[in-house]
């Protein structure tokens, strides 16, 4: 028992000493360096609403009864009317031979260019540059949501990687050319092109929602929308589809109270909301409110539209959406850093080149222990993210030199 009391007293004493040291260090810091600063950060706030829903586009299914099909259009490619999107063949072996001939031709083209470009000490540099360019092309196209040409770039990259040097490349080139000649001589790889009747963007992602058109959702009820969400996507035998419209839509099912807030935005005409669509474009999308439907069992269908980022939605359908209302953006300032002068104008102190600067600001909104502010009207230099805001300090005034 006495041992337990001793341990308890010892811990209490150590804790007291630690607190005393902390207070002492803080006091020393204050008198030796009485300024504390924070970096200005740009912040966007707003009320968010989350909902389930689905994406709707003007789409045309591409169907055929031919048993042996090879799709030649790239994912996300823009297809013109009369342009080939696939080829039908008389047999499976003919289909496979045609695909192999196309791959061989691409590899041979790349290897021929590589062999011609390599010579002596420049060989390794040429290989490295070719591989790097192919990777950069692929990364750029993916970041832009452009999937067209992806398969071709993949073949080029694979060809380069498997060709360590010019000698290996020449050997592989000879082998591929021999295989190509044999295939052309022994196989019946000719087929019949399947042409697009209308222009559009090609996608192989067929999910059963193609029949849900923009005209259909114009009068869609909450019950119908919820039934489609519950059913989800389904497989199809179609070889692909063409997205023929430039706009895409999102049907969201909201509660009556949330839908009322959206409807308030449209009171003075067309309204837009900031949206984040899960699985589609990763950034924030400005979407137009097209329609707020009638309530049904506490739910309301809300139709939103957008004429951008169409390619980023091709592989999204039934998903979630987050809407941000009353969005405000400003510079985050701790409340203790905000001051008011004799005329009632609010300002902050900033540090620039070891001098104090007074910057007048307007409060945008309150944000926890912070204010979001913006430069006051008439300020010649805008307050920007990254500047140093003085939170605490002694005897501050505009132009004061800060000694550190």
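Quick notes on this one:
- Close pairs (7 angstrom Cβ cut-off, 6 or more residues apart or separate chains): at positive phi in the stretch 348-372, surrounded by 15 or more Cβ atoms within 10 Å (Cβ to Cβ) and not in a strand (DSSP E or B) anywhere: 354/402
- Filter result for residue 316 (in the same structural domain as residue 235 (by TED's automatic domain parsing) and within 34 Å of the chain's Cα centre (by Cα)): yes
- Candidates 50, 97, 81, 105, filtered to the one that is at pLDDT below 90 and surrounded by fewer than 18 Cβ atoms within 10 Å (Cβ to Cβ): 105
- Taking the criterion of being in a loop (DSSP other than H, G, I, E, B) and surrounded by fewer than 15 Cβ atoms within 10 Å (Cβ to Cβ), the residues of the stretch 316-351 that qualify are 341, 342, 343, 344, 345.
- Search result, residues across the stretch 259-290 that are buried (at least 18 other Cβ atoms within 10 Å of the Cβ) and in a strand (DSSP E or B): 273, 275, 277, 285, 287, 289, 290
- Single unsatisfied condition, residue 58 versus (1) surrounded by fewer than 21 Cβ atoms within 10 Å (Cβ to Cβ); (2) at pLDDT below 95: (2)
- Residue in the stretch 333-355 that is under 29 Å from residue 273 (Cβ atoms) and outside the structural domain of residue 262 (by TED's automatic domain parsing) present: yes
- Scan the stretch 84-94 for residues that are surrounded by fewer than 17 Cβ atoms within 10 Å (Cβ to Cβ) and more than 29 Å from residue 312 (Cα to Cα) and the total you get is 4.
- Number of residues in the stretch 246-258 that are part of a strand (DSSP E or B) and either surrounded by fewer than 15 Cβ atoms within 10 Å (Cβ to Cβ) or on the phi > 0 side of the Ramachandran plot (or both) equals 2.
- Scanning the stretch 195-243 for residues that are within 24 Å of the chain's Cα centre (by Cα), exposed (fewer than 15 other Cβ atoms within 10 Å of the Cβ) and either in a strand (DSSP E or B) or on the phi > 0 side of the Ramachandran plot (or both) gives a single hit, 232.
- The residues of the stretch 57-88 that are in a loop (DSSP other than H, G, I, E, B) and under 13 Å from residue 243 (Cα atoms), listed by number, are 75, 76, 77, 80, 81.
The values are calculated or read from the model by the stated rules, or taken from the named source; none is laboratory data. Just so you know, these numbers come straight off a predicted model, no measurement behind them. So basically every Cβ, Gly included, is an ideal-geometry build from the backbone, and we count neighbours across all protein chains shown.
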